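Before any comments, here is the structure.
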């Protein structure tokens, strides 16, 4: 489904990604973790072409994202993405947030878009908030709506960029619950997160990154029980140790 | 005070009102035209396409380096030469105002567009919206909203500047007041009255800006 081959990326002289290679199969859930500044968010943003890469090749469902003439808008419409800071459109109601791309990109009629939006709002437990504006909602609620907004496009895969990092602790669960449900339904997911409980529960594989490189890429249980690298061991002891 | 005769104002109100209407109408149309053209200039400048942004930047810097009155003169004399026929004082003044104000509005809109977080653009991109759709539905509405107080402030300045149209013999409020002042020989009263009217309109505008600002900050 997603294949990342040997990609490298620089900001000026600074190398943020070096020779990263991995892949995500259909229906697989892959968690990407690592210390801050390790390049994990950058990696996931390269998958739908939000960040360009200088070297290497990324393909999603057979289409090359990194090709010079790639039709990125068409490609992105098929991959959902959820951001750390939700990025709901503040000037639109919840319902409008969910309908905009459905209507403008997929060409759905108003009625069809609203029906789909309402169904997804119910699914994330936000059906009573359709008319509200993002500023009237808590972070957890906003993030659940952001997930619904992505799902409204019927994506073939979902990318999550630290979806719970900006949330108060008591709101993390409500967002993770939605993600767990999504994973259990067979959605292909690539998730940058520090939520190791989530990883243990639903991830098929864990990718550990450090200094722009993929250090470990292994089945979940192997990674937690028996990390190969010292850096991963160190990271795990810090993040699980408290 | 006994020498003052404020009746002259009362008797020439219809005449002055006509002048004020012209001032307001010119202001209104110039704001609309200026914002539309200014937004296009701002988009061109931020487009990342070098020739486009260069043209827009040159235009803005050029216009901002000449006095408005010169631009009004230009178009009064230039447009008939280009079109081969006169278009009247009002339209030539309107064109001058729109083109002049667009340079200022484009700088305001540019700041507004840049005030929209990058994440918002990413959100639009990630759902497959194209460049124009993102600008139209995501960036510009937010840019515009963030900039409303400054846009209104610029509108107040524009309203004051409409008094310059006397140079192309348009009868705006200021010109009408002058005419009455001179023909009736009541200079002090009329200019005092004109000042009061400008003050009331512009100060109301400033109050509007203040209330908009406080409403937006909550």
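Values quoted throughout were computed directly from the atomic coordinates according to the rules given, and no laboratory measurement underlies them. These numbers come from a predicted model, not from an experiment. Glycine also receives a Cβ, built like all others from the backbone with ideal geometry; neighbour counts cover every protein chain displayed.
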Please work out whether the stretch B:7-217 counts as rounded, prolate or oblate from its C-alpha gyration tensor, where a ≥ b ≥ c are the square roots of the eigenvalues and a/c under 1.5 means rounded, while otherwise a/b larger than b/c means prolate and anything else oblate? oblate
Average beta-carbon neighbours from other chains, 10 Å sphere, peptide B:136-144: 3
Using 18 Å as the cut-off for backbone N distance, which residues of the stretch B:145-174 belong to the label zone defined by a point 7 Å from the Cα of residue B:62 along Cα→Cβ? none
Cα-based Rg then Dmax for the stretch A:88-155, in Å, read 10.6, 31
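So if we plug the beta-carbon distance of residue A:218 and residue A:168 into 1/(1 + (r/R0)^6) with R0 = 25 Å, what FRET efficiency do we get, rounded to 0.05?
Calculated value: 0.20.
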Please report the base-10 log of the normalised intensity I(q)/I(0) for the protein assembly as shown, using a Debye sum with one equal scatterer per alpha carbon and no solvent, at each q in 0.07, 0.08, 0.12, 0.13 (1/Å). -0.52, -0.63, -1.03, -1.14
Return B:187, A:43, B:192 ranked ascending by Cβ neighbour count within 10 Å, so the fewest neighbours appear first. B:187, B:192, A:43
To the nearest 10 degrees, how steep is helix B:140-161 against the longest Cα principal axis of chain B, on a 0 to 90 scale? 20
Relative contact order for chain A: what percent, with Cα pairs under 8 Å and sequence separation of 6 or more? 27
Could you tell me the calculated FRET efficiency between residue B:25 and residue A:131, based on Cβ-Cβ distance and R0 = 45 angstrom, to the nearest 0.05? 0.75
How would B:73, B:28, A:160, A:198 line up from fewest to most surrounding beta-carbon atoms within 10 angstrom? B:28, B:73, A:198, A:160
Test of understanding: ordering A:119, A:131 by Cβ neighbours within 10 Å, fewest first, what list do you get? A:131, A:119
Using only alpha carbon pairs under 8 Å that are at least six residues apart, calculate the relative contact order of chain B and give it in whole percent. 29
What the Cα atoms of the stretch A:105-242 span along the principal axes, largest first and in whole Å, is 54, 29, 25
Angle check, please: helix B:173-184 long axis (alpha carbons) against the longest principal axis of chain B (alpha carbons), in degrees 0 to 90, nearest 10. 10
Please give the helix A:94-104 orientation as an angle from the longest Cα principal axis of chain A, in degrees from 0 to 90, rounded to the nearest 10. 80
Cβ-Cβ FRET estimate between residue A:177 and residue B:152, R0 fixed at 45 Å, reported to 0.05: 0.45
